[in-house]
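Chemist: Encoded as structure tokens, here's the structure I'll be asking about.
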Amino acid sequence: DDGPSNVYYTGPNVRISFERPYAKCAQVLDAPGTVGSGEYLMFEFPMSFWLEQQGYDVTYCMNQDLHVDPGILRTCKAFLSVGHDEYWSRKMYDEAMAARDDGTSLAFFSGNSVCHDIQFYDSTVTGAPSTAFARIKRFEDEEMLMGTKTHGPGYGDWTVTKPDHWIFEGTGAKEGDAILGIIGWEYNGDPGDIPGLEVVASSPLFGCEREKRSLGPAETGQTHHGVVYPCDKGNWVFNAGTIWWPEGLSCPPGHVPARSAGCAGTLGVFPLAQQVTSNVLDRMIKDSPRG
């Protein structure tokens with residue numbers, strides 16, 4: 001999806017290779033800082049910056065590493081999906097489910113995640129594994145892993161619905177308090193039928209028809225949900241349900257804040273987002289069956 005919108009093509013028989021130069025990402029806005037980085041600097045870097053600033057023991061992987069070497073999921077107490085994590089193979093999904101059932105906590109600080117089921121291909125040049133992929137179809141059961149279905153685009157506030165939940169400890173949050181403008185550009189809604197699942201944040205959203213006009217919540221019928229659910233071994237799954245969640249954690253030097261041209265944009269760092277993230281990670285670490 002790199003390049004100007006008039007050259008996008010997402011029809012059948014399209015295969016995308018990682019063995020190519022990465023252009024400036026123009027899918028959401030013209031962000032010069034994305035040149036060569038895919039979407040890392042635009043959507044993920046603020047969380048990496050904050051995690052290391054807070055002293056968390058972090059190891060990084062690319063999402064196709066879950067396909068090639070799924071054993072990495074058993075080396076951590078919590079697996080984090082960050083930013084825009086749309087494309088997963090069925091093997092990645094199955095391995096994440098198995099890791100969850102084995103005691104790994106999963107935190108989706110992301111939106112539009114696990115949306116399209118993909119097929120990986122090896123390099124035609126070097127033979128290296130999983131260097132290209134093609135879309136097969138949309139996932140139909142992603143909510144059984146993440147707790148919610150993927151949707152988008154949609155914009156709005158991350159609004160507290162269950163202030164007495166442990167993810168809000170130390171925040172002083174009350175029902176209706178919100179992290180303003182952090183829902184976008186794609187999001188999660190429609191909670192899954194999972195035992196113990198709790199909706200901790202929910203808000204109607206507005207939409208956007210390119211740069212022509214905004215659609216209000218009453219017109220879109222879209223609703224965001226942030227959820228948490230417990231797992232059998234004492235571990236947890238949390239889903240913030242928005243691509244822009246990292247924007248509430250930090251704004252590293254040189255970072256261009258996320259926005260969608262003509263529709264909406266983020267509003268900076270929020271202590272509520274920071275404390276919720278700390279509470280989620282600290283509980284996942286404390287309750288990990290891996291000690």
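The values are calculated or read from the model by the stated rules, or taken from the named source; none is laboratory data. In this text the structure is predicted, and so the values were computed from the model without any measurement. Positions of Cβ are backbone-derived with ideal geometry, glycine not excepted, and every protein chain shown enters the neighbour counts. Calculation scope for accessible area: heavy atoms of the full protein, side chains included, ligands and nucleic acids excluded. Shrake-Rupley method; radii C 1.70, N 1.55, O 1.52, S 1.80 Å.
Chemist: Taking the condition more than 22 Å from the chain's Cα centre (by Cα) and either at pLDDT 95 or above or of a type in the set (A, V, I, L, M) (or both), does Lys233 pass? Let's see the steps before the verdict.
Modeler: On the way: more than 22 Å from the chain's Cα centre (by Cα): yes; either at pLDDT 95 or above or of a type in the set (A, V, I, L, M) (or both): yes.
Taking the combined requirement at face value, the residue satisfies it.
Chemist: Let me ask something else about it. Yes or no: the stretch 77-98 includes at least one residue that is outside any strand (DSSP E or B), in contact with a Cys (Cβ under 7 Å, 6 or more places away or on another chain) and open to solvent by 10 Å² or more (accessible area, probe 1.4 Å).
Modeler: yes
Chemist: Restricting attention to the stretch 264-285, does a residue exist that is charged (D, E, K, R), modelled with pLDDT of 95 or more, part of a helix (DSSP H, G or I) and open to solvent by 30 Å² or more (accessible area, probe 1.4 Å)? Don't jump to the end; show me each part of the working.
Modeler: Residues of the stretch 264-285 that are charged (D, E, K, R), as a first pass: 282-283.
Among the residues that remain, those that are also modelled with pLDDT of 95 or more are: 282-283.
Checking which are part of a helix (DSSP H, G or I) leaves us with 282-283.
Those still in the list that are open to solvent by 30 Å² or more (accessible area, probe 1.4 Å) too: 282-283.
Yes, the stretch 264-285 contains a residue that is charged (D, E, K, R), modelled with pLDDT of 95 or more, part of a helix (DSSP H, G or I) and open to solvent by 30 Å² or more (accessible area, probe 1.4 Å).
Chemist: Go through (1) open to solvent by 80 Å² or more (accessible area, probe 1.4 Å); (2) at pLDDT below 65; (3) farther than 21 Å from Ile136 by Cβ for Tyr9 and report which single condition fails.
Modeler: (3)
Chemist: Sticking with this one: Within the stretch 108-124, work out how many residues are within 20 Å of the chain's Cα centre (by Cα) and open to solvent by 20 Å² or more (accessible area, probe 1.4 Å).
Modeler: Residues of the stretch 108-124 within 20 Å of the chain's Cα centre (by Cα): 108-118.
Next, from what is left, pick out any that are open to solvent by 20 Å² or more (accessible area, probe 1.4 Å): 116.
Here the count works out to 1.
Chemist: Let me ask something else about it. Give the number of residues within the stretch 42-58 that are in a helix (DSSP H, G or I) and within 19 Å of the chain's Cα centre (by Cα).
Modeler: To start, the set of residues in the stretch 42-58 that are in a helix (DSSP H, G or I) comprises 42-53.
When the remaining residues are screened for being within 19 Å of the chain's Cα centre (by Cα), the result is 42-52.
Residues meeting the conditions: 11.
Chemist: Filter the stretch 244-262 down to the residues that are touching an Asp or Glu at 6+ places or on another chain (Cβ under 8 Å) and either at pLDDT below 95 or surrounded by fewer than 16 Cβ atoms within 10 Å (Cβ to Cβ) (or both) and list them by number. Reasoning before the result, please.
Modeler: Residues of the stretch 244-262 that are touching an Asp or Glu at 6+ places or on another chain (Cβ under 8 Å), as a first pass: 246, 257-258, 261-262.
Those that are touching an Asp or Glu at 6+ places or on another chain (Cβ under 8 Å) and either at pLDDT below 95 or surrounded by fewer than 16 Cβ atoms within 10 Å (Cβ to Cβ) (or both): Pro257, Ala258, Ala261, Gly262.
Let's see how each residue does on (1) open to solvent by less than 60 Å² (accessible area, probe 1.4 Å); (2) assigned to a loop (DSSP other than H, G, I, E, B); (3) aliphatic (A, V, I, L, M); (4) at pLDDT 95 or above:
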| site | (1), (2), (3), (4) |
| --- | --- |
| Thr126 | no, yes, no, no |
| Ala134 | yes, no, yes, no |
| Leu145 | yes, no, yes, yes |
| Thr150 | yes, no, no, no |
| Thr159 | yes, no, no, yes |
| Pro163 | yes, yes, no, yes |
| Glu175 | no, yes, no, yes |
| Ile179 | yes, no, yes, yes |
| Gly189 | yes, no, no, no |
